[in-house]
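The values are calculated or read from the model by the stated rules, or taken from the named source; none is laboratory data. It should be emphasised that the depicted structure is a prediction, and the values quoted were computed from it without experimental measurement. Reconstructed Cβ throughout: ideal geometry from the backbone, glycine too, with neighbour counts over all protein chains shown. Note: accessible area is taken over every heavy atom of the protein model, side chains too, but ligands, DNA and RNA are not part of it. Shrake-Rupley method; radii C 1.70, N 1.55, O 1.52, S 1.80 Å.
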Amino acid sequence: MSEEQSDRPGGRLATLRDRVESGMDRREFVRTLVSGGFAVGTARWLGVDDFLEAEDGEVPVVTALVREDPSDPFSLTERTTTVPADWYAAVEKAFEVNDLLARVAFTGYLGSAVVPGEPESGTASVSVGVSSDSNSVPEAIREFADDVSIDTESILEIDDIEVGPDAIDAEPRIADGITGAGPPSGFACHTPSSMATLAPALYHPDGERSFFVTAAHAFEGDEADGEQLLLPTQRGETVRLGTVNRIHQLQDVATVEPTGAYEPTSWIDAPSPVRVRGQLTKYGLAYLAARDEHLEKVGALTGHTTGRIQGVDAVTCFTEQSCRRGQIRWGGEMDLTDGDSGSVSYYPDPEGEPDDVLVAGFNNARTWWPGQSYVWGISAYRLTETQGYHF
């Protein structure tokens with residue numbers, strides 16, 4: 001095989017297959033894949049059989065982490081599929097370009113996101129938001145991008161970005177009452193200073209702990225440890241769910257330790273109630289975006305909405321001094337308003353029961369400037385990578 005052929009995705013795949021043996025231990029296998037150009041986050045979940053069973057010109061990727069036992073949130077297993085090698089190479093390169101843009105953060109850079117092309121196209125691009133007085137994307141980054149296109153969008157009236165959007169005038173969704181082990185998500189919850197949306201249960205493997213969850217910005221400042229999270233009901237009572245355990249400001253996630261009679265649950269109060277069975281990975285989201293799939297959410301103010309995935313592994317630098325990484329862009333700005341923060345976006349589990357869904361990530365902000373329209377929030381996979389939590 002010539003050097004030129006081995007540089008192509010299909011050529012690299014064939015070379016890797018020659019180097020992979022079924023007797024390898026997991027550490028050696030992962031090291032082999034990473035040295036061949038696979039992302040660490042992808043390689044660490046794959047097994048030798050996943051790789052060897054892929055057809056020529058295809059690459060196995062992990063699309064979701066799902067519960068083997070729906071009632072046991074710690075029985076996670078990896079779900080894989082195969083994708084065209086050319087598409088994988090283009091998307092992986094786009095992720096690298098996106099990361100480089102965030103690290104360089106040239107003057108006027110406001111954020112970026114990976115936009116995968118259709119799987120058959122073998123393409124991907126990076127959408128970059130810049131201020132009207134921005135410098136152009138540095139030529140060195142464009143050269144590094146090679147065949148990945150970089151599309152810049154100028155965001156006008158940058159001085160007004162901190163003003164924020166107007167809230168939608170609507171009545172919040174109040175829980176009827178709690179009839180089971182705990183309340184479903186999608187209803188209004190109260191903090192000492194604000195209102196937000198209760199998210200599905202979040203779990204941490206350290207001690208196999210479960211938490212109630214909502215948006216961190218619903219609490220005032222970083223010093224919210226021990227503050228109460230409350231759930232109003234239509235019966236006129238206010239249920240004390242628990243006290244704040246951690247405020248993750250950059251991720252905009254607050255975890256709440258159960259202290260009352262109820263436990264966090266994985267149910268979402270959608271038009272037909274759904275149960276969280278797991279979560280999507282970065283490549284799972286990318287593959288859905290490439291096929292023009294839609295996500296859903298249930299917020300306390302706007303209720304149930306759906307929208308197309310617009311960007312994966314997004315970086316947003318609009319509201320804080322530190323840029324937020326690993327975000328999702330989906331839907332439109334009318335899919336979120338004040339009070340919806342803390343809700344999650346999700347996708348029907350294609351291999352689960354009819355009421356099973358996979359969480360994509362949180363919904364914590366939306367655009368309010370001309371030229372762009374989407375909801376954003378941290379992806380579930382990014383929260384797992386940085387903090388260890390999972391759905």
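Within the option set SER341, SER345, being in a loop (DSSP other than H, G, I, E, B) and closer than 24 Å to MET195 by Cβ holds for one residue only, SER341.
Consider LEU358 carefully, then state whether it is open to solvent by less than 10 Å² (accessible area, probe 1.4 Å), touching a strand residue (DSSP E or B) at 6+ places or on another chain (Cβ under 6 Å), farther than 25 Å from ARG209 by Cβ and not charged (D, E, K, R).
So LEU358 does not fit the description; no.
Annotation: of all residues in the range 229-274 being open to solvent by less than 20 Å² (accessible area, probe 1.4 Å), out of contact with any His (no Cβ under 9 Å at 6 or more places or on another chain) and of a type in the set (S, T, N, Q), the one that is nearest to THR386 (Cα to Cα) is SER266.
Scan ALA113, ALA124 and give me the residue that is closer than 17 Å to ARG324 by Cα and at pLDDT 95 or above. Can you show your working first?
Details: ALA124 fails: closer than 17 Å to ARG324 by Cα.
Going through ALA113, ALA124 in turn, the sole match is ALA113.
Could you list, in sequence order, the residues of the range 275-298 that are surrounded by 24 or more Cβ atoms within 10 Å (Cβ to Cβ) and more than 30 Å from ALA124 (Cβ to Cβ)? Of everything in the range 275-298, just one residue is surrounded by 24 or more Cβ atoms within 10 Å (Cβ to Cβ) and more than 30 Å from ALA124 (Cβ to Cβ), namely VAL298.
Checking LEU280, LEU295, LEU285, LEU301 one by one, the residue that is closer than 29 Å to TRP45 by Cα, touching a Ser or Thr at 6+ places or on another chain (Cβ under 6 Å) and of a type in the set (A, V, I, L, M) is LEU295 and no other.
Close contacts from the range 57-75, counting a first residue that is at positive phi and a second that is at pLDDT below 95, with Cβ to Cβ under 8 Å and a gap of 6+ residues or different chains, come to GLY57/GLY10; GLY57/LEU13; GLY57/PRO84; GLY57/ALA85; GLY57/ASP86.
What do you reckon, is TYR381 open to solvent by 10 Å² or more (accessible area, probe 1.4 Å) and assigned to a strand (DSSP E or B)? No; evaluated as a whole, the condition is false for this residue. Pull up the range 155-175, narrow it to residues that are in contact with an Asp or Glu (Cβ under 9 Å, 6 or more places away or on another chain) and either closer than 13 Å to PRO232 by Cβ or at pLDDT 90 or above (or both), then point me to the one that is least open to solvent (accessible area, probe 1.4 Å). Within the range 155-175, the match that is least open to solvent (accessible area, probe 1.4 Å) is ALA175. Criterion applied to THR386, THR316 was being within 17 Å of the chain's Cα centre (by Cα), among the hydroxyl-bearing types (Ser, Thr, Tyr) and open to solvent by 50 Å² or more (accessible area, probe 1.4 Å), and the one residue passing it is THR386. Scanning the range 67-108 for residues that are assigned to a strand (DSSP E or B) and either open to solvent by 20 Å² or more (accessible area, probe 1.4 Å) or in contact with a Ser or Thr (Cβ under 6 Å, 6 or more places away or on another chain) (or both) turns up ARG67, LEU76, THR77, GLU78, ARG79, THR80, THR81, THR82, PRO84. Could you tell me whether GLY236 is more than 20 Å from GLN279 (Cα to Cα) and either β-branched (Val, Ile, Thr) or touching a residue at least 12 places away in the same chain (Cβ under 8 Å) (or both)? No, not satisfied. Conditions: (1) touching a Ser or Thr at 6+ places or on another chain (Cβ under 8 Å); (2) surrounded by fewer than 23 Cβ atoms within 10 Å (Cβ to Cβ). PRO119 meets all but one. Number of the miss? Result: PRO119 fails condition (1) only.
Would you check if there is a residue in the range 215-228 being in a strand (DSSP E or B) and open to solvent by less than 40 Å² (accessible area, probe 1.4 Å)?
no
Put simply, of ARG27, ARG44 the only residue that is farther than 20 Å from GLY284 by Cα, open to solvent by 90 Å² or more (accessible area, probe 1.4 Å) and at pLDDT 65 or above is ARG27.
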